[in-house]
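Each remark here refers to the structure printed beneath this line.
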Amino acid sequence: MLKPFQNEPFTNFSVPEHRADMLAALEKVKSELGREYPLYIGGKAIMTEQKQVSINPSQLDQVIGRVSQADQSLAEQAMQAALSAFESWKRKTFEERARYLFKAAAILRRRKHEFSAWMTYEAGKTWAEADADTAEAIDFLEFYGREAIRMGERQELVRIPGEDNEQYYIPLGVGIIIPPWNFPLAILTGMTVSAIVTGNTVVLKPATPTNVIGAKFMELMREAGVPDGVINFVPGAPEVIGDFLVDHPKTRFISFTGSRAVGCRIYERAAKVQPGQIWLKRVVAEMGGKDAIVVDNEADLDDAARQIVASAFNFAGQKCSAASRAIIHQDVYDEMLDRIVNLTKGLKVGPGMDESSHVGPVIDEKAYNKVLSYIEIGKQDGRLLVGGGKAEGNGYYIQPTVFADVEPTARISQEEIFGPVLAVTKAKDFEEAIRFANNTEYGLTGSVFSRNRDHLEYARQEFHVGNLYFNRKSTGALVGVHPFGGFNMSGTDSKAGGFDLLLQFTQAKVVSEKY
């Protein structure tokens, strides 16, 4: 009998055995660096002449791997393979499809540290961040498998004499999966398996900076026995195959996580009906945030400071849920600044592979230059308290940076930076703090630190975000516990890891038979 869902526990690396296992995994992965990886289309491995070289953002002269790249001809082959596989995959029961996910979860759990080690090398994640990413991937496999079984059960309808009526869920068709690089295993896994467990087949285009982790996921799903053509792995340049796949008349849905600009482009292109297209394409999009933590004058200031620093600087601020703004009541503003600065100064910037690192690099040169340019803007927008430039090392390292006295309309208060930069704003009272928090085009996550019940209830009603946390950090949503997705330009609020997510990839069919 299937056990109720439980979140995968995080690894305690202070336990000598666990630390030794992670060190062994790091050595194993290091010995495998530099390999070449194929596309997988209809179950066939295809090596191409064009390859993307993936490097370690913590050590710029270290090659992680070389991944074959698809052109439009191969993308078309992948679409046809997915269409062909759909005809048999859609006829499997929800329970049968779920078993593939449970098998993959068991394999991943056995190789947990190995997958985490790959992320420390290719994504620059610290041990703790990589471990949490792998645990979340396991959670998605276990949770969506159980949800699929529940979806396959008889749906209750109002009964009338003389008729048998039933409603059930059928898959949509072929979907395009476009995951991000910042959760290169967890989000990629969740986006892909939520689509296939509901009976769809997919063309998976992994994020370019973390192509190798995408290839490792594909190897995992093949080892779990997922039939050929159900997942077609086609890394490729967005400008070469991105629009082609989104526009394709046989594309039934697009599942995307990434920037606002790209998400809006996909949404616009998907809305256009192409010649030969007989449906309206569905778009599931999560497009980032400009998340704020509000600190009331009635709050545990020590805890608030710890959670702000963790939310802002873990994984170098490269989370859509990262706290890039702290909005603090004027009565405790100066005290909070002192606490935030002292904690930030204690953070060690270094390689993801190094167990002592608190903050790793940003992902690539483009991100590096972008974040540094925003730091220069911040020097005009606010008062620099700590950080403010490059950090030492042969990688894309940036100092955790805090600006004070930032206006709520300033650029570093409005635009998503996706790096270790925190803008701190003073509010005259709690209501103004919430008003400042809402003053962006996004609405993903937010946190409030307060002991005042009236203020918490006010925020419950007025703080307009998809995931609102009281007296805890703005990051770290758990599958099944915190269904994740946001409002406004943060996307379609699909609530990943929640009970509604699988509905995004199905359509309800009602059959009525009169006796």
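The values are calculated or read from the model by the stated rules, or taken from the named source; none is laboratory data. As the structure is a prediction and not an experimental result, all values here were calculated from the model. Cβ sites come from the backbone with ideal geometry, for glycine too, and all protein chains shown count toward neighbours.
Points worth noting:
- Cβ-Cβ distances below 6 Å connect the following pairs, each with a first residue in region 280-291 that is among the acidic types (Asp, Glu), a second residue that is at pLDDT 95 or above and in a strand (DSSP E or B), and a separation of six or more residues or different chains: 286/257; 286/491; 291/323; 291/445; 291/446.
- Taken over region 6-33, the criterion of being over 14 Å from residue 109 (Cβ atoms) and either in a loop (DSSP other than H, G, I, E, B) or of a type in the set (Gly, Ala, Ser) (or both) is satisfied by 12, 13, 14, 15, 20, 24, 31, 32, 33.
The rows are residues; the columns are (1) surrounded by fewer than 20 Cβ atoms within 10 Å (Cβ to Cβ); (2) in the same structural domain as residue 316 (by TED's automatic domain parsing); (3) not basic (Lys, Arg).
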{"site": "125", "(1), (2), (3)": "no, no, no"}
{"site": "131", "(1), (2), (3)": "no, no, yes"}
{"site": "136", "(1), (2), (3)": "no, no, yes"}
{"site": "145", "(1), (2), (3)": "no, no, yes"}
{"site": "149", "(1), (2), (3)": "yes, no, yes"}
{"site": "156", "(1), (2), (3)": "yes, no, yes"}
{"site": "167", "(1), (2), (3)": "yes, no, yes"}
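- Test: residue in region 378-386 that is surrounded by 22 or more Cβ atoms within 10 Å (Cβ to Cβ) and either in a loop (DSSP other than H, G, I, E, B) or of a type in the set (A, V, I, L, M) (or both): no
- Residue match in region 141-154 (condition: in contact with a strand residue (DSSP E or B) (Cβ under 9 Å, 6 or more places away or on another chain), at pLDDT below 95 and either over 27 Å from residue 86 (Cα atoms) or part of a loop (DSSP other than H, G, I, E, B) (or both)): yes
- Only residues that are in a helix (DSSP H, G or I) and either over 18 Å from residue 120 (Cβ atoms) or out of contact with any helix residue (DSSP H, G or I) (no Cβ under 9 Å at 6 or more places or on another chain) (or both) were counted across region 191-215, and they come to 8.
- Count - residues of region 22-51 that are buried (at least 18 other Cβ atoms within 10 Å of the Cβ) and either of a type in the set (D, E, K, R) or in contact with a strand residue (DSSP E or B) (Cβ under 7 Å, 6 or more places away or on another chain) (or both): 4
- From 425, 475, residue being over 29 Å from residue 147 (Cα atoms), among the hydroxyl-bearing types (Ser, Thr, Tyr) and not in a helix (DSSP H, G or I): 425
- Some residue of region 439-455 being crowded, with 16+ Cβ neighbours inside 10 Å, touching a Pro at 6+ places or on another chain (Cβ under 6 Å) and either modelled with pLDDT of 95 or more or basic (Lys, Arg) (or both): yes
- Each residue in region 259-289 was checked for being surrounded by 16 or more Cβ atoms within 10 Å (Cβ to Cβ) and on the phi > 0 side of the Ramachandran plot, and 1 pass.
- Of note, residue 418 satisfies the criterion of being in a loop (DSSP other than H, G, I, E, B) and either modelled with pLDDT of 95 or more or buried (at least 23 other Cβ atoms within 10 Å of the Cβ) (or both).
- Pick from region 320-342, criterion touching a helix residue (DSSP H, G or I) at 6+ places or on another chain (Cβ under 8 Å) and hydrophobic (A, V, I, L, M, F, W, C), ranking: farthest from residue 180 (Cα to Cα): 332
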